[in-house]
Amino acid sequence: MIYDRLAKVYEKLIGFDHRGYTAFIAPYLHGEGIDLACGSGAATRLLAERGLKMTGVDISAEMLKEAARRGGAQWVCADISRLRLPAESYDFAVCVCDGFNYLSPRALARTIAGVRSALKPGGVLAFDVSTPFKLKSLLGNKDFFYEDGGIYLGWNNFLGRGACDVQLTWFVPAGGGKFEKHEEDHRLYAHEKAFLQKLLKGFEIKIYDGENYGAVKARCKRWLFLCKKV
C-alpha cells in the first residue's frame, strides 16, 4: 500500500505549507468537515484547532496510525473513491496536497459526485492538484535527490500518457552508521482544468494559485479550487 512505509517520515519530507494553506481556506469553512486523503493528518489537526469538527479519511492504515498518535480528530481508514457518505451530512470537505492527483479520471469523477451528495446546501469543497504543467514539464522524466535530518530520498519520475509515475527510494538511519532502505511507487494523474471544471457541475468555482493564493497563471504549479455547492 502506498504511503505505508513512508508514513513515519512523511511529515519530515513533505515540504508542504499546511499552515499557510489551512489559514487561507479556513475563512470559507464552518461546522463539520471531512478531510479526504488526510495522510498523517497535518491539515486535519490545523482545521480542528480552529474549532472545526473534523474527520480524516485515508487509505493508508500506517498514515492513520501517525495521525491518531497526534490526535485532534476522528480517523477513518477507507478508499476515498469508494467512500459512501450520508447525503447532506457535512458542511465542507477538503483534500489537501495532491490527494486528487492519485485518483484516475473515473475514480475522481466518482469521488466528487459522492462529495457533492454529502455536502449540505451551500457546503464547500476545497482541494488542490498539481497541474499538468508541473507533472509533465517540471517532474516528468526527471530525477531528484533530497537530504533532510539524516534521511536521504531519491525521487525518480517517469512521464506516461496522462500520468507521472514516481519511484521513491529513501534511506533512514538505523544506528551504527547504517541505513535502512525503503521503496514505494506512486502514480499522479495530470488532470486538466477543463476536466475538473466539468466534474464540478453544481458548484460555484473559484480557482487560485495553490502556492501563493493569487491569480492563476500559465505556468502555475498547483491549482487550489474553492467550490460552493449550489
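The values are calculated or read from the model by the stated rules, or taken from the named source; none is laboratory data. Here the structure is a predicted model, which means the values were calculated and not measured. Neighbour counts run over all protein chains shown; Cβ positions are idealised from the backbone, glycine included.
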Which of the following residues is over 30 Å from GLY51 (Cβ atoms), in contact with a Phe, Trp or Tyr (Cβ under 9 Å, 6 or more places away or on another chain) and polar (S, T, N, Q): SER137, SER104?
SER104
Test result for LEU159, modelled with pLDDT of 95 or more, within 18 Å of PHE127 (Cβ to Cβ) and among the aliphatic types (A, V, I, L, M)
no
Pairs only if they're at least six apart or on different chains, beta carbon under 6 angstrom, first in region 197-213 and of a type in the set (Ser, Thr, Tyr), second surrounded by 14 or more Cβ atoms within 10 Å (Cβ to Cβ) and in a helix (DSSP H, G or I); list them, first residue then second.
TYR213/PHE24
Please verify whether LEU168 is in contact with a His (Cβ under 8 Å, 6 or more places away or on another chain), touching a residue at least 40 places away in the same chain (Cβ under 8 Å) and not hydroxyl-bearing (Ser, Thr, Tyr), treating the condition exactly as stated.
yes
Any residue in region 15-44 that's of a type in the set (A, V, I, L, M): show its pairings with residues that are at pLDDT 95 or above and part of a loop (DSSP other than H, G, I, E, B) at Cβ separation under 7 Å, as long as the two are six or more apart or on different chains.
ALA26/ARG50; LEU29/LEU52; LEU36/ILE80; ALA37/ILE80; ALA43/VAL96
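Taking region 192-225 on its own, how many of its residues are part of a strand (DSSP E or B) and surrounded by fewer than 19 Cβ atoms within 10 Å (Cβ to Cβ)?
5
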State all residues of region 45-80 that are at pLDDT below 95 and on the phi > 0 side of the Ramachandran plot; if no residue qualifies, say none.
GLY71, GLY72
Going by what's in this entry, would SER81 be described as surrounded by 17 or more Cβ atoms within 10 Å (Cβ to Cβ), of a type in the set (S, T, N, Q) and more than 30 Å from LYS181 (Cβ to Cβ)?
yes
Do we find that SER81 is of a type in the set (Ser, Thr, Tyr) and either part of a strand (DSSP E or B) or in the same structural domain as GLY51 (by TED's automatic domain parsing) (or both) in this structure?
yes
Given the criteria among the charged types (D, E, K, R) and not assigned by TED's automatic domain parsing to the domain that holds LEU83, does ARG106 qualify?
no
Could you list all residues from region 220-230 that are over 20 Å from the mean Cα position of the chain (by Cα) and of a type in the set (Lys, Arg)?
LYS229
Verdict on ALA23 being at pLDDT 90 or above, in a helix (DSSP H, G or I) and surrounded by fewer than 20 Cβ atoms within 10 Å (Cβ to Cβ):
yes
Note on THR55: of the conditions (1) under 20 Å from LEU85 (Cα atoms); (2) surrounded by fewer than 20 Cβ atoms within 10 Å (Cβ to Cβ); (3) of a type outside the set (Lys, Arg); (4) touching a residue at least 60 places away in the same chain (Cβ under 8 Å), unmet is (4)
Could you check MET63 against (1) of a type outside the set (Val, Ile, Thr); (2) in a loop (DSSP other than H, G, I, E, B); (3) under 15 Å from the mean Cα position of the chain (by Cα) and say which number it fails?
(2)
